[in-house]
1. So, counting K/R as plus one and D/E as minus one, what does the shell of residues with Cβ under 13 Å around Ser311 add up to?
2. Fully extended, how many nm does the chain gain between Thr156 and Ser203 (0.36 nm per residue separation, minus their Cα-Cα distance)?
3. Could you state the number of Å between the C-alpha centres of region 78-98 and region 156-233?
4. For Leu227 and Gln325, what is the calculated FRET efficiency with R₀ set at 51 Å and r taken between the beta-carbons, to the nearest 0.05?
5. Taking 8 Å as the Cα distance limit and 6 or more residues as the minimum spacing, I'd like the relative contact order of region 8-357 as a percentage.
6. Quick one: which residues, 5 or more positions from Glu332 or on another chain, have an amide H under 5 Å from its amide H? H modelled 1.01 Å from N in the peptide plane, none for Pro or chain starts.
7. How would you rank 251-259, 339-347, 279-287, highest first, on the average number of other Cβ atoms within 10 Å across their residues?
8. Please compute the length gained on full extension between Val216 and Ser168, using 0.36 nm multiplied by the number of residues separating them and subtracting their Cα-Cα distance.
Amino acid sequence: MTVDAASPLAQRSQVAAPDPALTGPGSDYAHLSRSVRAAGLLRRRPAYYSAKIGVNLLLLAVGWAVFFLLGRSWWQLLVAVFLAVMFTQTGFIGHDAGHRQISGSKRTDDLIGRIHGNLLIGLSYGWWTAKHSRHHAHPNQPGRDPDIGGRAIAFTRDQARARHGLGSWLAGYQAWLFFPMLLLEGFHLHAAGVRTLVGRRGSRTVKLVDGALLVVHIVGYLAAVFLVLAPVQAVVFVLVQQGLFGVYLGCSFAPNHKGMPVPGEDEQSDFLRRQVITSRNIRGGWLTDFALGGLNYQIEHHLFPSMPRPSLRQAQEPVRAFCQQHGISYHETGFFASYGQVLQHLHTVGGTLRPELEY
């Protein structure tokens, strides 16, 4: 079995598809990739994405139109819930653009990504693609995957034992606090994007464009909310809308890898097994596909990041059959069971920090 070289995701700011050549011409992944490509599953889906983006923009516009028509009313909290859903759905389109799923053109997809990320929901597209690239290159690997390197949640026992003070207490009860903490995820993502943009090195033009779009969103969003609503209503609206946005976004990404095997920091494995073993799929129909933005096919997505979202369902059976044929663990579970597995993992990791277990 040929061990692949480092994924090109680690060397690129965009979230592009891995080059099968880097896994070795005779590797298992190369064989699977050829069959998937031959089935046409990597072809662009312009009609799907044109309709998807058009309907999404229309619904987003309707939400803001209702907001302005309602004026100073507590019924605006229903609009806040709707916009939280639409912000997340808009984020999914930005995610697909970052993976070159939409047009395959870096220029076009980056434009789509920046409009949907920076302008429409206030998340830095450049910051996110750089971070997400590292995640795809080293999923669930401590010290390499930024998604398990944060200070809020401890994903391994070593991370939990390294906590002190309030961090130690949070890690001990993180399974109970997980969903409440997601209420802050939207605010965290906004702040992280702005903070990184300010300190990031790189093209001045790109930084200016990203920064300008973020400023337009932030100023426009806050001006609309505080000019239309009474001060107390405005604050509550922002807390509800951004809080539920964080919960929805966090709940869409959390089941994908949390609680799955965690490779050692220096552990090496071939690309195929690294992506499959650390990922979890969520069973469901079209509603699950819509609600999770296609991320419920996490195994297929990690194996073929540039595969358009509607093709992921079609790729599931051949990928699963290939894994079974080669003795590779393919993990799939139900929607609610996935969260149970995530919470159980977090509860176990934080177990040694709970006072009631000390003796």
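1. Value of the local net charge: +2.
2. That works out to 13.3 nm of additional length.
3. 16 Å
4. Result of the calculation: an efficiency of 0.25.
5. Here the relative contact order equals 25 percent.
6. Residues meeting the amide H criterion: Asn281.
7. Packing order, densest peptide first, comes out as 251-259, 339-347, 279-287.
8. 13.4 nm
Readers should treat all values here as calculations from the given coordinates under stated rules, not as data from a laboratory. This structure is a prediction, so every number in the text was calculated from the model and none was measured. Neighbour counts run over all protein chains shown; Cβ positions are idealised from the backbone, glycine included.
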